[in-house]
Ligand code: GUN
Ligand code: ZN
């Protein structure tokens, strides 16, 4: 099967891509606004004005209501919604997860999606919730895979795209295995399913585990959809982990609860004194006017959509510039549970390191978590490429007269450690870092330095220590053979 997804730019596991559908090409990452075919305040035909390129709706809701079903079968899905761009349809699996059963079979709903001319169809997968016992997760996964295989046999040709949802509850082993099996069958996009309960309960760190495990089972070039993720606060994180498509019912659901979305979190409209946004809604209303407006729900939905697509553009620009991880580190300071997710993400730095581009824009140190970035890990993994013989000065100060007395001059820069001074301008060692390093970056820098010393037993090191570089690991360095720590009288 020819690939319908081209990757044009990368950063961390994130990418800017182009997905070809029967109704046109979609540039990712992007969000698909969820259209409720029964009641929809913002018309599908208006969605492009907000930045939407592709919509998602529910074929099961259309199927169940005779009037909608007949019109969709007669005139097609695009006429029903009055939108001529790409449309993805879900299958009723979400209703299955909420109500326990649905009135359709997998074969029927796939056939229906095909007949109404959807661009991307979804089989009737089983969204197994988090934390169920392993046996249930595995049994439901087996049924899902059987249904996906059946769907794959029904959908042939290069028209409609077919999605293969990855399930497996909160078991990384099942998620990875499921992704690998689906890859072998071959789908056009891979949604990661049943993550809504994790997001609703702020379990972003567990969400990171689900995404990382599922991604590991997939071809890195395959397009990924994070099912039910619509809050812009987590886009940067999910994109950095390799998600390409999102869907948002959040813009409308939050509005119904009178909630105003921002990329740093959500406000209740009653708590808004100012409107921290420049979208048309916020420029044309004061906070009080917005609160009192008879159409407050609609205005909030519009604002929520604007900021959702604004964040998509912020994320894309960060990928383009090569500072997506800096953006993730900023966004993850919006909520302690997001900070937890950031820390969890960097437990996968060995995986991120394999996909992260070798050179990009200047590394900015944003806090202790930056010490775990894939670039730092890559530097540590490649320490054996340096061969140091004879005497070696390690300094953190500018070049000085003492330099020429040594065979080698190394620069000490946390969180990396010591490296030959010829590399100071080379990415990522040209990093912008804080002058007074935190404990974590010193820890990483000294661990790397210890490793470098061990790798070069012939060399004799002199380290010019400064007060701001104090750390328990200095004792360990001082105890090493052929390693001298020098304390200058004053800095
Ligand atoms: N919408 C939110 N989660 C899911 C899921 O796991 N599967 C499907 N088909 N739709 C969803
Ligand atoms: Zn606004």
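What follows draws every value from the coordinates through simple rules; no lab data is involved. Keep in mind that this is a model prediction, so the values were computed, not measured. All Cβ positions, even for glycine, are placed from backbone atoms using ideal geometry, and neighbour counts span all protein chains on display.
Summary table below
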| quantity | calculated |
| --- | --- |
| Relative contact order for segment 8-142, counting Cα pairs under 8 Å that sit 6 or more residues apart, in percent | 20 percent |
| Sequence ranges 346-358, 412-424, ranked by mean other-Cβ count within 10 angstrom, highest first | 412-424, 346-358 |
| Average Cα contact separation per residue, segment 297-380, under 8 Å, 6 or more apart, as relative contact order % | 29 percent |
| Range of Cα positions in segment 62-204 per principal axis (Å), largest first | 44, 31, 26 |
| Between helix 134-154 and the chain: long-axis angle, C-alpha atoms, 0 to 90°, nearest 10 | 60 degrees |
| Gained length - residue 343 relative to residue 39, 0.36 nm times residue gap less alpha-carbon distance | 105.4 nm |
| Full-stretch length increase - residue 202, residue 402 - with 0.36 nm per residue and alpha-carbon distance subtracted | 66.6 nm |
| Residue exposure sequence - 190, 171, 274 - by fewest surrounding Cβ within 10 Å | 274, 171, 190 |
| Cα long-axis angle, helix 204-217 against the chain (0 to 90 degrees, to the nearest 10) | 90 degrees |
| Label point distance in nm, residue 134-residue 8, each placed 7 Å from Cα along Cα→Cβ | 4.5 nm |
| Relative contact order computed over the chain (Cα-Cα under 8 Å; 6+ residues apart), in percent | 12 percent |
| For a label point 7 Å along the Cα-to-beta-carbon line of residue 156, residues of segment 181-212 with backbone N under 14 Å | none |
| Those residues of segment 126-161 whose amide nitrogen sits under 18 Å from the label point placed on residue 114, 7 Å along Cα→Cβ | 146-161 |
| Cα gyration tensor category, rounded, prolate or oblate, for segment 113-178 with a/c compared to 1.5 | prolate |
| For q = 0.13, 0.28 Å⁻¹, Debye-computed log10 I/I(0) when each Cα of segment 418-491 counts as one equal scatterer | -0.42, -1.45 |
| Protection proxy ranking of 106-115, 120-129 - average other beta-carbon atoms within 10 Å, highest first | 120-129, 106-115 |
| From the C-alpha gyration tensor of segment 194-279, square roots of 5λ in Å | 28, 13, 11 |
| Dimensionless Rg ratio for the chain, taking C-alpha atoms and the 2.2 N^0.38 Å reference | 1.14 |
| Cα centroid separation - segment 204-248 against segment 286-354, whole Å | 13 Å |
| Beta bridges per DSSP with both ends in the chain, % antiparallel, nearest 5 | 35 percent |
| Sum of -39500 (n - 2.57) over DSSP H runs of 4+, divided by residues of the chain (222 nm, nearest 500) | -12000 deg cm²/dmol |
| Between helix 66-75 and the chain: long-axis angle, C-alpha atoms, 0 to 90°, nearest 10 | 80 degrees |
| Protection proxy ranking of 393-399, 477-483, 56-62 - average other beta-carbon atoms within 10 Å, highest first | 56-62, 393-399, 477-483 |
| Fraction of alpha-carbon pairs over 13 Å apart in segment 339-408 - percent | 74 percent |
| Sites residue 440 and residue 73, calculated FRET efficiency, Cβ-Cβ separation with R0 56 Å, nearest 0.05 | 0.40 |
